[in-house]
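The values are calculated or read from the model by the stated rules, or taken from the named source; none is laboratory data. Note that the coordinates shown come from a computational prediction; the quantities given were computed from them, not determined experimentally. Because the Cβ atoms are built from the backbone with ideal geometry, glycine has one as well, and the counts that use them run over all protein chains shown.
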Amino acid sequence: MKFANTLLPFLMESKINVLFVVSEFWQAGTQRFTYELDRALNKDRFSVEILCLLPLETSDRFNDYYYPKHRELGSKIHFLHEINHRTTPTLKQKIEHRLVNKSLPDERLPIKMFFNKFDCISIMGEYNYKEIARYLSAEHQQKLLIHVQNSTYQVAGNYEAFPKSEVFHFVSGFHDDQIKYELSDFKLFKHTYYNLNFSFQRQFKKNEYRYTSSPKLGIFTRLTPAKPLDPFMYAFQRIVEEYPEAELHIYGSGDPVQEGISRYVEQLRLEKQVKFRGHQDDIIKSAVEDQLDLVWGHGYHGLPGGWVSFDLSTAGFPQLFWNFGNDTGKFHSFFPMFNSVNEMAEKSLWFLSHPSEAKRLADEQFSYTNENYNISKNIHVMEELYLQIAKGIITEK
């Protein structure tokens, strides 16, 4: 997507009103992405409001972690159930409708008027589109952005709710060849590349790269079928053959028994070596304090599968990935991707026995992340996009 070079005249005008549409405020990837954008946008130029589709306190597993954080930033928050009131026709309107067939007022007028207030509507997560699609007018569609947060490899039928003949503007971390594959069901679409940018932490850092007969490996994820762990279990079984005292620490919320993960552990007789650590308030702090030697993660289309991997790269942890996507797209040698259990296990063993090479890998991953995911360097991409959508000056490739 090319940007017209006509922004400067607008910089002195009134603020651009941006609406983020989120499902909830739990501590998850999309919610983190929304918060990072809210925190980084220049508030002298942008006014941010948030529409949350679910009320607060709807889960007994997750708290509304990002709700107070957005409030601290000064962002105004709305809830769908509070603004989505139906318009009730008056008695006069009912009579006129019956006698002279005069149209009744639009029963969804309040929420449509709400959307009218904004210059840009950013739907944070493609899965949220279906929740508000019925309320969007053709005019709203022109200022709509769909932030892709999942891959079709994670969620089958990811885009079932989208009319494929309409043109949508997607924002994602997929490169051109990858997004063409991801959105292959759409006849036409617009796309802006913007990956999971975030503010770097500097407090915790891995400083020791060592050889040990009892290495510690880590996986940071949510325990859910959408993020399979079985290939990691088989790879770890090979690690244990070489290092009987090795440990695999699995961090993340969810019940390993209920999600079927404990079954793999028991079948492979890894009960003593696999540690389920549960939810972590500070992922990087936990990784540093637990002295992890190597981290495994999910990959899609050759890219690390989420925030955790990039967070850990800022702290110097060497990482290897199981590639759950296909071989479409650009692969980087410093994000090793595998579709073979044996190859992943053998490469892991090599790095565990060559700590200097593990450090070199970690340094390369940090350099790439710093250049491409540091939001202080890249927020201008989204600011320019919001400005151009607000002024209707997007141009095609």
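Let's see how each residue does on (1) of a type in the set (Phe, Trp, Tyr); (2) in a loop (DSSP other than H, G, I, E, B); (3) modelled with pLDDT of 95 or more; (4) in contact with a Lys or Arg (Cβ under 9 Å, 6 or more places away or on another chain):
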{"site": "Val295", "(1), (2), (3), (4)": "no, no, yes, no"}
{"site": "Phe317", "(1), (2), (3), (4)": "yes, yes, yes, yes"}
{"site": "Leu320", "(1), (2), (3), (4)": "no, no, yes, yes"}
{"site": "Asn326", "(1), (2), (3), (4)": "no, yes, no, no"}
{"site": "Leu349", "(1), (2), (3), (4)": "no, no, yes, yes"}
{"site": "Ala362", "(1), (2), (3), (4)": "no, no, yes, yes"}
{"site": "Thr369", "(1), (2), (3), (4)": "no, no, no, no"}
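Against the condition without any contact (Cβ under 8 Å) to a residue 40 or more places away in the chain and closer than 24 Å to Pro231 by Cα, how does His332 come out, does it pass? Give the derivation first.
Numbers: without any contact (Cβ under 8 Å) to a residue 40 or more places away in the chain: yes; closer than 24 Å to Pro231 by Cα: yes.
It is true that His332 is without any contact (Cβ under 8 Å) to a residue 40 or more places away in the chain and closer than 24 Å to Pro231 by Cα.
Filter region 211-233 for residues that are of a type in the set (D, E, K, R) and not in a strand (DSSP E or B); which is farthest from Lys272 (Cα to Cα)?
By that ranking, first place goes to Lys227.
Does at least one position in region 322-342 carry a residue that is among the polar types (S, T, N, Q), surrounded by 19 or more Cβ atoms within 10 Å (Cβ to Cβ), in contact with a helix residue (DSSP H, G or I) (Cβ under 7 Å, 6 or more places away or on another chain) and over 27 Å from Thr34 (Cα atoms)?
No, because not a single residue in region 322-342 is among the polar types (S, T, N, Q), surrounded by 19 or more Cβ atoms within 10 Å (Cβ to Cβ), in contact with a helix residue (DSSP H, G or I) (Cβ under 7 Å, 6 or more places away or on another chain) and over 27 Å from Thr34 (Cα atoms).
Would you say Phe200 is part of a loop (DSSP other than H, G, I, E, B) and either in contact with a Leu (Cβ under 9 Å, 6 or more places away or on another chain) or more than 27 Å from Met124 (Cα to Cα) (or both)?
no
Could you tell me whether any residue of region 301-313 is among the aromatic types (Phe, Trp, Tyr), surrounded by fewer than 21 Cβ atoms within 10 Å (Cβ to Cβ), part of a helix (DSSP H, G or I) and in the same structural domain as Gly252 (by TED's automatic domain parsing)?
yes
Kindly provide the set of residues from region 253-293 that are polar (S, T, N, Q) and part of a helix (DSSP H, G or I), ordered by number.
Ser262, Gln267, Ser286
From the list Glu36, Glu49, which residue is farther than 20 Å from Asn195 by Cα, touching a residue at least 60 places away in the same chain (Cβ under 8 Å) and either touching a Phe, Trp or Tyr at 6+ places or on another chain (Cβ under 6 Å) or in a strand (DSSP E or B) (or both)? Spell out the reasoning first.
On the way: Glu36 fails: farther than 20 Å from Asn195 by Cα.
That would be Glu49, the only listed residue that is farther than 20 Å from Asn195 by Cα, touching a residue at least 60 places away in the same chain (Cβ under 8 Å) and either touching a Phe, Trp or Tyr at 6+ places or on another chain (Cβ under 6 Å) or in a strand (DSSP E or B) (or both).
Let's see how each residue does on (1) out of contact with any Gly (no Cβ under 9 Å at 6 or more places or on another chain); (2) under 23 Å from His380 (Cα atoms); (3) modelled with pLDDT of 95 or more; (4) not assigned by TED's automatic domain parsing to the domain that holds Asn128:
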position: Leu41; (1), (2), (3), (4): yes, yes, yes, no
position: Phe46; (1), (2), (3), (4): yes, yes, yes, no
position: Glu49; (1), (2), (3), (4): yes, yes, yes, no
position: Pro55; (1), (2), (3), (4): yes, no, yes, no
position: Ser59; (1), (2), (3), (4): yes, no, no, no
position: Phe62; (1), (2), (3), (4): yes, no, no, no
position: Gly74; (1), (2), (3), (4): yes, yes, yes, no
position: Ile77; (1), (2), (3), (4): yes, no, yes, no
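Quick check on Arg238: is it over 19 Å from Gly297 (Cα atoms) and basic (Lys, Arg)?
Values: over 19 Å from Gly297 (Cα atoms): no; basic (Lys, Arg): yes.
Considered against the rule, which asks whether it is over 19 Å from Gly297 (Cα atoms) and basic (Lys, Arg), Arg238 comes out as no.
How many residues does region 150-178 hold that are crowded, with 17+ Cβ neighbours inside 10 Å and modelled with pLDDT of 90 or more?
The number of residues fulfilling the criteria is 7.
Can you give me the number of residues within region 155-177 that are in a loop (DSSP other than H, G, I, E, B) and touching a Gly at 6+ places or on another chain (Cβ under 8 Å)? It would help to see each step written out before you state the result.
Keep residues of region 155-177 that are in a loop (DSSP other than H, G, I, E, B), which gives 155-167, 173-175.
Still in the running and touching a Gly at 6+ places or on another chain (Cβ under 8 Å): 174-175.
Result for region 155-177: 2.
Considering only region 136-152, state which residues are over 23 Å from Asp176 (Cβ atoms) and either in a loop (DSSP other than H, G, I, E, B) or more than 23 Å from the chain's Cα centre (by Cα) (or both).
Within region 136-152, Leu136, Ser137, Ala138, Glu139, His140, Gln142, Lys143 qualify.
Condition check: touching a residue at least 24 places away in the same chain (Cβ under 8 Å), surrounded by fewer than 21 Cβ atoms within 10 Å (Cβ to Cβ) and charged (D, E, K, R). Does Glu259 satisfy that? It would help to see each step written out before you state the result.
Details: touching a residue at least 24 places away in the same chain (Cβ under 8 Å): yes; surrounded by fewer than 21 Cβ atoms within 10 Å (Cβ to Cβ): yes; charged (D, E, K, R): yes.
In short, yes.
Taking the condition within 25 Å of Leu136 (Cα to Cα) and modelled with pLDDT under 90, does Ser184 pass?
no
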